[in-house]
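What follows is calculated from the coordinates using simple rules that are stated; it is not laboratory data. This is a predicted model, so every value here is computed, not measured. All Cβ positions, glycine included, derive from the backbone under ideal geometry; neighbour counts span all protein chains shown.
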Amino acid sequence: VQLQASGGGLVQAGGYLRLSCAASRISDRLNRMGWYRQAPGKQRELVATISEGGNMNYADSVKGRFTVSRNNAKNTVYLQMNSLKPEDTAVYYCYVLRWGRSTGAWGQGTLVTVSS
């Protein structure tokens, strides 16, 4: 599986960005898709995930500001990030888990920088 993420960049606090991640070279259905992030000096943490059926899971820090969605036909997951804060600055990694697999695959990461 190959994951291609896009949409990161520099934005002012209070602004918004939309991340996309498309999975290719895959013949399996995707169980769960989502996003994690890693800020400098910190561990990678969950941001949001979504199941094939549309069940979503969010980190408390992004609830009400971020929205995860997916297009199953395109094997693509999105992250709409609104009301961005400087503490949202991190490298964002997309993640996919195929049905029947115990480990997932990671994208290359896209940098989001929120200035105050």
Self-check item: Vicinal HN-Hα couplings computed from phi for the range 17-28 (Karplus, 6.51 cos²θ - 1.76 cosθ + 1.60; Hz; Gly/Pro x)
Solution: 9, 10, 9, 10, 8, 10, 9, 9, 6, 9, 10, 8
Self-check item: Positive-end extreme of charge dipole, the chain - chosen from A59, S24, S116 (charges on Cβ)
Solution: S24
Quiz item: Once both labels are modelled 7 Å past Cα along the beta-carbon direction, what's the N82-A13 spacing in nm?
Solution: 2.0 nm
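Which of the chymotrypsin sites (Phe, Trp or Tyr not before Pro) found in the range 23-110 are in a DSSP loop and have at most 10 neighbouring Cβ atoms, other than their own, within 10 Å? Before the final figure, lay out the partial values.
Values: sites: W35, Y36, Y58, F66, Y78, Y92, Y93, Y95, W99, W106; in loops: W99.
Of the chymotrypsin sites (Phe, Trp or Tyr not before Pro), the ones in loops of the range 23-110 whose Cβ has at most 10 other Cβ atoms within 10 Å are W99.
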Self-check item: Difference of contour (0.36 nm per residue) and Cα-Cα distance, T67 to Q108
Solution: 12.7 nm
Practice problem: For L46 and S24, calculate 0.36 nm times their separation in residues minus their Cα-Cα distance, and state this gained length in nm to one decimal. | Solution: 5.7 nm
Practice problem: Return the distance in nm (one decimal) between the two label points of a simple spin-label model at N31 and S6, each offset 7 Å from Cα along Cα→Cβ. | Solution: 3.0 nm
